[in-house]
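A.B. asks: I have a structure here, written as structure tokens, and I will follow up with some questions on it.
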Ligand code: ADP
Ligand code: GLC
């Protein structure tokens, strides 16, 4: 089975969040499960620098509308997976992230930048593809690839079936209606049962409407997005497509995130030898200038600092946390006002709060290992990766009961301790007081060494590898193949043939 995996991010070269990591590890897992996978991604500067010998395999002159011409380069990633890089420097070689300029604003031409990604994905999935390699399935990820199923629908000649994966429904790629022409999309697409969304064009809606199957990154989020509270305007559409929608929990890269081999850690450790974890706590406190107080628990957080992640709830109870006493080591970047609130907390309590603004892979690993517990008070969380890293690092997570957090973290109570499923702490209400209450509950459990060891053990022994998810995607791809065969058998041409034969 041949899969074209289209994505706007690919770790380690371009990553804004979990999608970058998933785009590196899911295709590798699909490959291990026996599929022939190619990753289609814009040729951002770090990718061009990493693959100077990438081979030219196709050219797309004037791919439609006002979209710029592009070249398609092929390279091989370290894990042997083929990469197809869309080379269009005027769109993709810029300072900033995949979506934002250096000042944190969306690039003004994001519709064209990701219109081109979608357009080329569609061209490679149709009969006019310049490549000999023809995918059976085009797997689109998040809004930047959302137009691909729409292009394919209106182009005709689709040779691949389409899957649209939602990693975060809050990001929808909404642009003015008059961008339709620049994007080279058929005017017929601009309809309520098409790409139109409240008088504008939505890339996400295009994907959700035209893809044959929809997946999202946890079973709980698949349910949540069918409700008005989490559906971001698409609850109705998703309920309507309910039979085509599946939630598949992401895996994690268990090689990169393994406390027994993690080279970012000053001391490695594993379940049977946990001493090293204490040494990581000491080293982390030292690195961040936090006081070395043995009776004071240390909470970690590594996150985009945004409304989604609920770190405003943490800022609201900063003073109470300092008095508990407890310490917090936070790494992240995002909303400037919230960054400032957290920084001022750190300035008031330098021995209790450490806030590092920016992106730092090494520190992220050191926080996972050095903290006693990990905080994820998200308002919503399609999957979330850090709670799984935390479980693996013996750092019980404190999470809000939503999306993938609810699917992976089991609240510590008498019943879950008795059946050995307890692995962290879960709260339901979105409020600073609910978070504070849960932090207090976690601290009292932390003082009980036997209980704590059990909690760590339950988490560390869980398997978050990709095998299960890869098998679930394989089943979805295979189902699309079966459906295609059945559709072909039912087509008028097939009926004609049958008639002639009779
Ligand atoms: P999201 O994609 O919504 O941001 P995820 O939990 O899926 O959330 O993935 C976020 C990933 O990015 C995690 O691996 C996390 O460790 C990493 N990350 C987030 N912020 C930072 C940062 N400032 N420095 C290093 N890693 C970060
Ligand atoms: C999104 C979500 C996050 C998820 C990630 C990868 O960025 O916010 O919860 O883990 O995608 O699927």
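The values are calculated or read from the model by the stated rules, or taken from the named source; none is laboratory data. These figures come from a predicted structure and were not determined experimentally. Note: ideal-geometry Cβ built from the backbone for every residue, glycine included; neighbour counts use all protein chains shown.
A.B. asks: Among the residues of the range 1-15, which ones are assigned to a loop (DSSP other than H, G, I, E, B) and within 16 Å of the chain's Cα centre (by Cα)? Before you say what the answer is, go through the steps one by one.
C.D. replies: Narrowing the range 1-15 to residues assigned to a loop (DSSP other than H, G, I, E, B): 1, 7-9, 11-13, 15.
Residues satisfying the conditions are 7, 8, 9, 11, 12, 13, 15.
A.B. asks: Continuing with this model, one more query. Quick one: which residue in 61, 50, 43, 29 is out of contact with any strand residue (DSSP E or B) (no Cβ under 6 Å at 6 or more places or on another chain), closer than 19 Å to residue 95 by Cα and at pLDDT 95 or above? Before you say what the answer is, go through the steps one by one.
C.D. replies: Details: 61 fails: closer than 19 Å to residue 95 by Cα; 43 fails: out of contact with any strand residue (DSSP E or B) (no Cβ under 6 Å at 6 or more places or on another chain); 29 fails: closer than 19 Å to residue 95 by Cα.
The conditions single out 50.
A.B. asks: Considering 358, 332, which residue is buried (at least 19 other Cβ atoms within 10 Å of the Cβ), free of Cβ contacts under 8 Å to residues at least 60 places away in the same chain and within 23 Å of the chain's Cα centre (by Cα)? Spell out how you get there, then give the answer.
C.D. replies: Numbers: 358 fails: buried (at least 19 other Cβ atoms within 10 Å of the Cβ).
Of the residues listed, the single one that is buried (at least 19 other Cβ atoms within 10 Å of the Cβ), free of Cβ contacts under 8 Å to residues at least 60 places away in the same chain and within 23 Å of the chain's Cα centre (by Cα) is 332.
A.B. asks: Let me ask something additional. So in the range 199-236, with the set limited to residues that are surrounded by fewer than 21 Cβ atoms within 10 Å (Cβ to Cβ) and closer than 19 Å to residue 147 by Cβ, which one is nearest to ligand 2 (Cβ to nearest atom)?
C.D. replies: By that ranking, first place goes to 232.
A.B. asks: Another question, if that's okay. Might you check whether a residue that is more than 14 Å from residue 8 (Cβ to Cβ) and within 16 Å of ligand 1 (Cβ to nearest atom) occurs anywhere in the range 168-181?
C.D. replies: Of all residues in the range 168-181, those more than 14 Å from residue 8 (Cβ to Cβ) come to 169-170, 174-181.
From what's left, within 16 Å of ligand 1 (Cβ to nearest atom): 169-170.
Taking every residue of the range 168-181 in turn, at least one turns out to be more than 14 Å from residue 8 (Cβ to Cβ) and within 16 Å of ligand 1 (Cβ to nearest atom).
A.B. asks: If you don't mind, there's one more thing I want to ask. Among 382, 396, which is more than 14 Å from the chain's Cα centre (by Cα) and over 16 Å from residue 253 (Cα atoms)?
C.D. replies: Numbers: 382 fails: more than 14 Å from the chain's Cα centre (by Cα).
When all the criteria are applied, what remains is 396.
A.B. asks: If we scan the range 429-447, do we find a residue that is assigned to a helix (DSSP H, G or I), more than 17 Å from residue 321 (Cβ to Cβ) and more than 16 Å from ligand 1 (Cβ to nearest atom)?
C.D. replies: no
A.B. asks: Would you check which residues across the range 361-381 are out of contact with any strand residue (DSSP E or B) (no Cβ under 6 Å at 6 or more places or on another chain) and either more than 16 Å from ligand 2 (Cβ to nearest atom) or more than 13 Å from residue 302 (Cβ to Cβ) (or both) and list them?
C.D. replies: Hits for the range 361-381 are 361, 362, 365, 366, 369, 370, 379, 380, 381.
Here is a yes/no grid of residues against (1) in contact with a helix residue (DSSP H, G or I) (Cβ under 7 Å, 6 or more places away or on another chain); (2) outside the structural domain of residue 136 (by TED's automatic domain parsing); (3) farther than 30 Å from residue 464 by Cα:
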{"site": "27", "(1), (2), (3)": "no, no, no"}
{"site": "59", "(1), (2), (3)": "no, no, yes"}
{"site": "85", "(1), (2), (3)": "yes, no, no"}
{"site": "98", "(1), (2), (3)": "no, no, no"}
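A.B. asks: Looking at the range 230-267, which of its residues are under 20 Å from residue 406 (Cβ atoms), in contact with a strand residue (DSSP E or B) (Cβ under 8 Å, 6 or more places away or on another chain) and assigned to a loop (DSSP other than H, G, I, E, B)?
C.D. replies: The answer is 248, and nothing else.
A.B. asks: Which of (1) surrounded by fewer than 20 Cβ atoms within 10 Å (Cβ to Cβ); (2) within 16 Å of ligand 2 (Cβ to nearest atom); (3) touching a residue at least 60 places away in the same chain (Cβ under 8 Å) does residue 24 not meet, given it meets every other one?
C.D. replies: (1)
A.B. asks: Residues in the range 404-422 that are more than 16 Å from ligand 2 (Cβ to nearest atom) and part of a helix (DSSP H, G or I): how many?
C.D. replies: 5
A.B. asks: Determine whether the range 298-320 contains at least one residue that is in the same structural domain as residue 438 (by TED's automatic domain parsing), closer than 25 Å to residue 456 by Cβ, touching a strand residue (DSSP E or B) at 6+ places or on another chain (Cβ under 8 Å) and surrounded by fewer than 22 Cβ atoms within 10 Å (Cβ to Cβ).
C.D. replies: no
A.B. asks: Right, another one. All but one of (1) more than 16 Å from ligand 1 (Cβ to nearest atom); (2) closer than 17 Å to residue 220 by Cα; (3) assigned to a strand (DSSP E or B) hold for residue 425; which doesn't?
C.D. replies: Evaluating residue 425 over (1) more than 16 Å from ligand 1 (Cβ to nearest atom); (2) closer than 17 Å to residue 220 by Cα; (3) assigned to a strand (DSSP E or B) leaves (2) as the failure.
A.B. asks: Next question, about the same structure. Of all residues in the range 392-403, how many are within 16 Å of ligand 2 (Cβ to nearest atom), closer than 23 Å to residue 365 by Cα and not in a helix (DSSP H, G or I)? Spell out how you get there, then give the answer.
C.D. replies: From the range 392-403, those within 16 Å of ligand 2 (Cβ to nearest atom) are 392, 397, 399-403; that's our starting set.
Applying the additional criterion that residues be closer than 23 Å to residue 365 by Cα yields 392, 397, 399-400.
Subset that is not in a helix (DSSP H, G or I): 397, 399-400.
Within the range 392-403, residues that are within 16 Å of ligand 2 (Cβ to nearest atom), closer than 23 Å to residue 365 by Cα and not in a helix (DSSP H, G or I) number 3.
A.B. asks: A further question on this structure: Name the residues in the range 212-229 that are within 26 Å of residue 122 (Cβ to Cβ) and in a loop (DSSP other than H, G, I, E, B), would you?
C.D. replies: Restricting attention to the range 212-229, the residues satisfying the condition of being within 26 Å of residue 122 (Cβ to Cβ) are 212-217, 222, 225.
Hits for the range 212-229 are 212, 217, 225.
A.B. asks: Got a number for residues in the range 148-167 being out of contact with any strand residue (DSSP E or B) (no Cβ under 6 Å at 6 or more places or on another chain) and crowded, with 22+ Cβ neighbours inside 10 Å?
C.D. replies: 3
A.B. asks: Hey, another quick one. Return the total of residues in the range 268-295 being more than 22 Å from residue 459 (Cα to Cα), in contact (Cβ under 8 Å) with a residue 40 or more places away in the chain and in a loop (DSSP other than H, G, I, E, B).
C.D. replies: Final tally of qualifying residues: 3.
A.B. asks: Please find, within the range 1-21, the residue that is surrounded by the fewest Cβ atoms within 10 Å (Cβ to Cβ) out of those that are away from ligand 2 (no atom under 16 Å from the Cβ) and farther than 24 Å from residue 104 by Cβ.
C.D. replies: As a first pass, look at the range 1-21 and keep what is away from ligand 2 (no atom under 16 Å from the Cβ): 1-4, 13.
Checking which are farther than 24 Å from residue 104 by Cβ leaves us with 1-4.
On the way: 1: 16, 2: 14, 3: 22, 4: 26.
The residue in question is 2.
A.B. asks: In the range 41-77, which residues are surrounded by fewer than 19 Cβ atoms within 10 Å (Cβ to Cβ) and within 21 Å of residue 16 (Cβ to Cβ)?
C.D. replies: 45, 46, 48, 49, 50, 51, 77
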